[in-house]
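Here the structure is laid out as structure tokens; the discussion comes afterwards.
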Amino acid sequence: MKPNSLSRRAFLRRSALGGAGFLILANARSAYAYDANGKLDVAIIGAGGRGRDNLNGVAKAGENIVALCDVDENEGAKSFAQFPNAKRFKDFRRMFDAMGKGIDAVTVATPDHTHAVAAAAAIRRGKHVYCEKPLTRTVHEARVLRQLADKHKVVTQMGNQGSSSDGVRRSVELAWSGAIGEIREAHLWFPNGNEPHTRPTEQPPVPANLDWDLWLGPAEFRPYHPSYAPRSWRGWRAFGSGIVGDFGCHTGNILFRALKLEQLWIPSVVGKRCVIRVEALPSERNLEGYPRTMQVLVDLPARGQMPPARLTVNAGSRPSPDLMKGYPQGQWGDLVVGSKGAIYSDNPWNNNFVLLPEKDFEEVKHGPPQTLPRGRDQVREWTEACKGNGATFSSFAIGGPLTELMQLINLSTLFEEALDYDTISGRILNSSRANQVLHRKYRKGWSL
């Protein structure tokens with residue numbers, strides 16, 4: 001998007017008068033007026049798979065697709081053909097160097113292990129960012145993106161698409177209104193876990209369409225194998241986040257917001273130290289992959305007026321059916337248990353929910369007034385916010401802590417002992433070994 005052709009004096013006068021639809025970015029490199037009715041110049045990092053969905057969402061919103069970046073020519077082929085005038089790149093670092101201010105915003109939909117480096121590179125250049133879930137592969141990366149977004153005052157959105165649904169927003173309004181009473185318990189479950197892995201020993205040739213070195217990005221080098229790319233990376237700790245990372249930010253959306261868990265990362269709410277205790281009971285502990293089944297107990301301290309709570313996470317198993325108050329228990333579950341009742345969603349994206357027991361809440365669901373905006377999908381909400389029209393509901397201020405929590409749960413499955421994690425310092429207080437897994441060493445040439 002090109003800045004409006006206004007003199008400095010005219011620009012300041014219009015800003016002072018509260019010119020409708022203008023957003024002034026605090027980052028000096030991006031501090032110019034955005035026309036609310038103009039078009040954003042958007043670059044797509046990861047042009048296949050989910051990236052293609054995001055691309056179509058941006059195009060549907062009427063924005064300009066100015067660049068497409070993908071390390072795999074086959075994965076990006078349909079997008080390249082759809083937008084032949086967009087500049088093509090394999091390396092997002094070169095894309096930023098080449099295009100500079102010709103990019104206003106980016107979407108990131110690469111494998112999990114390259115989310116953070118791509119998003120951070122954009123944010124440091126003053127670009128708005130839409131990044132798929134989980135926001136990052138490691139606990140530390142999630143913290144850094146949240147902090148960077150706050151520092152550079154860019155508009156961000158994590159791609160947990162259920163956030164834009166009425167199901168998520170209405171259930172959260174009901175929880176915040178006190179409809180189910182005081183909340184001290186929540187459950188999150190998935191129909192399956194993953195499996196332990198052993199690195200393959202065969203070394204087949206790298207497909208001609210794939211730049212394997214760029215696909216690895218910051219990850220430690222290992223030879224190419226189809227067990228990793230293009231489709232099977234999610235179950236490998238080096239690249240993906242297993243079922244908890246893949247769907248935790250979707251299926252755990254209601255409980256995270258209902259309990260206002262993002263406040264655990266705000267010193268003015270919880271003080272100089274805030275400790276989450278996480279204890280994992282996995283079917284096995286495997287450095288390469290994720291367990292077949294797991295139960296993880298998460299003790300959450302008080303935050304503001306919200307009391308302490310326990311979150312129980314199950315993969316490949318379910319909590320007691322007694323919690324369901326006679327309602328059928330689904331394979332997927334987000335259950336928030338209050339002193340007066342419960343909110344339950346059996347939808348992986350939390351698009352719908354019920355109040356339990358149903359007979360006690362026949363009128364309550366339509367009772368409290370709506371307090372959250374409706375009407376835009378996840379991508380459109382972000383593009384509009386980039387132009388000063390409203391705000392995003394899943395900014396990195398929310399998506400960062402949500403991802404941090406899910407990746408902490410993943411990390412805990414490697415250790416027998418319960419881990420005490422301080423959300424303020426970003427450190428595990430009782431295990432030097434676990435602290436080493438909060439992040440990983442990047443290869444030369446890659447950084448946050």
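The values are calculated or read from the model by the stated rules, or taken from the named source; none is laboratory data. The structure displayed is predicted, hence computed values, not measured ones. Note: ideal-geometry Cβ built from the backbone for every residue, glycine included; neighbour counts use all protein chains shown.
For (1) surrounded by fewer than 20 Cβ atoms within 10 Å (Cβ to Cβ); (2) in contact with a Ser or Thr (Cβ under 9 Å, 6 or more places away or on another chain); (3) of a type in the set (Asp, Glu); (4) more than 30 Å from Thr371 (Cα to Cα), each residue gets a yes or a no:
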| residue | (1), (2), (3), (4) |
| --- | --- |
| Tyr130 | no, yes, no, no |
| Thr138 | no, no, no, yes |
| Ala149 | no, yes, no, no |
| Ala175 | no, no, no, no |
| Trp189 | no, yes, no, no |
| Pro205 | yes, no, no, yes |
| Ala208 | yes, no, no, yes |
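Which condition does Pro84 not pass, out of (1) in contact (Cβ under 8 Å) with a residue 40 or more places away in the chain; (2) more than 26 Å from Arg376 (Cα to Cα); (3) surrounded by fewer than 21 Cβ atoms within 10 Å (Cβ to Cβ), if it passes all the others? With respect to (1) in contact (Cβ under 8 Å) with a residue 40 or more places away in the chain; (2) more than 26 Å from Arg376 (Cα to Cα); (3) surrounded by fewer than 21 Cβ atoms within 10 Å (Cβ to Cβ), Pro84 is out only on (1). With the structure loaded, tell me whether Ala67 is on the phi < 0 side of the Ramachandran plot, free of Cβ contacts under 8 Å to residues at least 12 places away in the same chain and either out of contact with any Ser or Thr (no Cβ under 7 Å at 6 or more places or on another chain) or not acidic (Asp, Glu) (or both) or whether it fails that test. No; evaluated as a whole, the condition is false for this residue. The strands (runs of 3 or more DSSP E) found wholly in the stretch 271-349 include none carrying at least 3 residues that are in contact with a Ser or Thr (Cβ under 9 Å, 6 or more places away or on another chain), without any contact (Cβ under 8 Å) to a residue 24 or more places away in the chain and closer than 24 Å to Ser163 by Cβ. Hey, could you check the stretch 152-170 for residues that are of a type outside the set (A, V, I, L, M, F, W, C) and either part of a loop (DSSP other than H, G, I, E, B) or without any contact (Cβ under 8 Å) to a residue 12 or more places away in the chain (or both) and say which is surrounded by the most Cβ atoms within 10 Å (Cβ to Cβ)? By that ranking, first place goes to Asn160. Looking only at the stretch 131-143, decide whether some residue is under 29 Å from Ser425 (Cβ atoms), among the charged types (D, E, K, R), in contact with a Gly (Cβ under 6 Å, 6 or more places away or on another chain) and not in a helix (DSSP H, G or I). Yes, some residue in the stretch 131-143 is under 29 Å from Ser425 (Cβ atoms), among the charged types (D, E, K, R), in contact with a Gly (Cβ under 6 Å, 6 or more places away or on another chain) and not in a helix (DSSP H, G or I). The set of residues in the stretch 320-354 being hydroxyl-bearing (Ser, Thr, Tyr) and either within 16 Å of Arg170 (Cα to Cα) or crowded, with 24+ Cβ neighbours inside 10 Å (or both) consists of Tyr344, Ser345. Taking every residue in the stretch 120-140 that is closer than 15 Å to Val106 by Cβ and in contact (Cβ under 8 Å) with a residue 60 or more places away in the chain and pairing it with any residue that is assigned to a loop (DSSP other than H, G, I, E, B) and among the polar types (S, T, N, Q), at least 6 positions away or on another chain, the pairs with Cβ-Cβ distances below 6 Å are Gly126/Asn27.
Are any residues in the stretch 391-405 part of a loop (DSSP other than H, G, I, E, B), surrounded by 15 or more Cβ atoms within 10 Å (Cβ to Cβ) and not hydroxyl-bearing (Ser, Thr, Tyr), and if so, which ones? Phe393 - this is the single residue of the stretch 391-405 that is part of a loop (DSSP other than H, G, I, E, B), surrounded by 15 or more Cβ atoms within 10 Å (Cβ to Cβ) and not hydroxyl-bearing (Ser, Thr, Tyr). Of the listed requirements (1) within 23 Å of Gly304 (Cβ to Cβ); (2) in contact with a strand residue (DSSP E or B) (Cβ under 6 Å, 6 or more places away or on another chain); (3) acidic (Asp, Glu), Glu132 misses just one: (1).
Can you spot a residue in the stretch 249-270 that is at positive phi, in contact with a helix residue (DSSP H, G or I) (Cβ under 9 Å, 6 or more places away or on another chain), touching a residue at least 60 places away in the same chain (Cβ under 8 Å) and surrounded by 20 or more Cβ atoms within 10 Å (Cβ to Cβ)? No; the residues of the stretch 249-270 include none that is at positive phi, in contact with a helix residue (DSSP H, G or I) (Cβ under 9 Å, 6 or more places away or on another chain), touching a residue at least 60 places away in the same chain (Cβ under 8 Å) and surrounded by 20 or more Cβ atoms within 10 Å (Cβ to Cβ). Pairs linking a residue in the stretch 383-403 that is farther than 19 Å from Leu255 by Cα to a residue that is small (Gly, Ala, Ser) and modelled with pLDDT under 95, with Cβ atoms under 6 Å and 6 or more positions apart or on different chains, are Lys387/Ala36; Gly388/Gly21; Gly388/Ala36; Asn389/Ala36.
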